[in-house]
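**Q** Here you go, one structure.
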Amino acid sequence: MQTNMPDIADTAPALQTGKLDWVGMAEIELPFIFESRDLAPVTVNAKARAFVNLHKEDAKGIHMSRLYLALDVLSTEQQVNPQTLANTLNTFISSHENLSDKAQIEFKFELPLRRKSLLSGKVGWKSYPLTLTSTIEHNIISYELTVDVTYSSTCPCSAALARQLIQNAFNEKFNQDTLSQKDVHEWLGTTQGIVATPHSQRSIANVKVKLNRDINEFDVINLINTLENELKTPVQAAVKREDEQEFARLNGQNLMFCEDAARKIKASLEASNYADYWLQINHYESLHAHDAVAIAVKGIENGYKA
Ligand SMILES: Nc1nc2c(ncn2[C@@H]2O[C@H](COP(=O)(O)OP(=O)(O)OP(=O)(O)O)[C@@H](O)[C@H]2O)c(=O)[nH]1
């Protein structure tokens, strides 16, 4: 290797002086082993962002290779958990002495989970998009987790209008003289009986939570289960007919506007122990070509903004 190579990050003058909030790298390909409560350590293929601030006004630049190599150690020699992330952030700072006093790592990846069907006992894969961000500032580390949960939402307005059409069709078909339980039962099993069906839409809840500082493990499964249990109609993996029928029942018994979904999730996050939260509910309408959206935050001082 050639010695005496110029190292302009240390020696060259900055074109213009000034502090920078974040400098680093984005879209770094980084497989790693992720650790979370109730989950066997799982290898995920993340895209990483790695940053430090540049508070030395006349420094030419940061040392990007040092950030990259610290991430590589995390990827190849360790498993990702709150402690190893904290160590890596500390390495970012200690490898930028006099240059930086803040650091941030963001991982975006899909977490594949085995999910059970509603009734049949079958199991299948479902992937959840996650973003895990850890930041160190004034020696304090914070963690933030964003997850997208996909579910089905059936429109309550459409359901009421469909019920009215069914009632009208019933009145046309039957009167007191012709009413027989057997005939009505048969008729209800036809498309003339259930003359209209409400529309449902694939919907996504984007939820960001700020984790408490003192956590010693991530708990992604608990967050996902909390959201899915509240929504009741998450999209399914393995589906037999009995599961599909149960899904239809759950949709019918959990009619929701985006406001309903947002309020349900807000209530469940309020009941959880998160330091802060932000949520956006997206109903990708099948009636409209546009989407129905609701946003909420915990509303704490200096917290997330809607
Ligand atoms: N700071 C900075 N570096 C960049 C940028 N684009 C590419 N690089 C390259 O990132 C590489 C790594 O920089 P350093 O970490 O300083 O590399 P190094 O000097 O070999 O590593 P050390 O000996 O640890 O300082 C250099 O080759 C830079 O040219 C940029 O926009 N800013």
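Read-outs: derived from the displayed coordinates by stated rules, not from any lab. Everything quoted here is computed from the prediction, not taken from an experiment. So basically every Cβ, Gly included, is an ideal-geometry build from the backbone, and we count neighbours across all protein chains shown.
**Q** Ranking request for peptides 50-56, 266-272, 91-97: highest mean number of other beta-carbon atoms within 10 Å first, then the rest in descending order.
**A** Ranking, from highest mean packing down: 50-56, 91-97, 266-272.
**Q** Right, next: Could you check the spin-label model distance between Val123 and Val293? Points 7 Å from the Cα along Cα→Cβ, value in nm.
**A** For the pair Val123/Val293, the computed spacing is 3.8 nm.
**Q** What list do you get for Cys157, Cys258 if you sort them by fewest beta carbons within 10 Å?
**A** Arranged by neighbour count, lowest to highest, Cys157, Cys258 become Cys157, Cys258.
**Q** What per residue convex hull volume, in Å³, comes out for the stretch 62-199 when only alpha-carbon positions are used?
**A** Expressed per residue, the convex hull around the Cα atoms of the stretch 62-199 is 190 Å³.
**Q** Here's something else I'd like to know. Once label points are set 7 Å from the Cα along Cα→Cβ at both Cys157 and Ser180, what is their separation, rounded to one decimal in nm?
**A** Label at Cys157, label at Ser180, 4.2 nm between them.
**Q** Can you give the Kirkwood hydrodynamic radius of the stretch 212-302 from its Cα pairs, in Å with one decimal?
**A** Its Kirkwood hydrodynamic radius stands at 15.2 Å.
**Q** What ranking do Trp278, Trp22 get, fewest neighbouring Cβ atoms within 10 angstrom at the top?
**A** Result, fewest neighbours first: Trp22, Trp278.
**Q** Using mean Cβ contacts within 10 Å as the protection proxy, how do 166-177, 61-72 order, highest first?
**A** With the highest mean Cβ count within 10 Å placed first, the list reads 61-72, 166-177.
**Q** At q = 0.14 Å⁻¹, what log₁₀ I(q)/I(0) does a Debye calculation on the Cα points of the stretch 1-93 give, no solvent, two decimals?
**A** -0.63
**Q** While we're looking at this one, here's another question. Which entries in Lys108/Lys266; Lys56/Lys108; Lys126/Lys232; Lys122/Lys232 show an alpha-carbon gap greater than 21 Å?
**A** Lys108/Lys266; Lys56/Lys108
**Q** Where the Cα atoms of the chain are projected onto their three principal axes, how long is each span, largest first, in whole Å?
**A** Extents along the principal axes, in whole Å: 102, 37, 35.
**Q** When a footprinting reagent is the concern and you count Cβ atoms within 10 Å, what order do Asp38, Asp276 take, fewest first?
**A** Asp38, Asp276
**Q** If I stretch the segment between Leu250 and Ala169 completely, what's the gain in nm (0.36 nm per residue apart, minus their alpha carbon distance), one decimal?
**A** Using 0.36 nm per residue and subtracting the Cα-Cα distance, I get 26.7 nm.
**Q** Amide H of Asp219: which non-local residues (sequence gap of 5 or more, or other chain) have their own amide H closer than 5 Å, using H built in the peptide plane?
**A** Arg37
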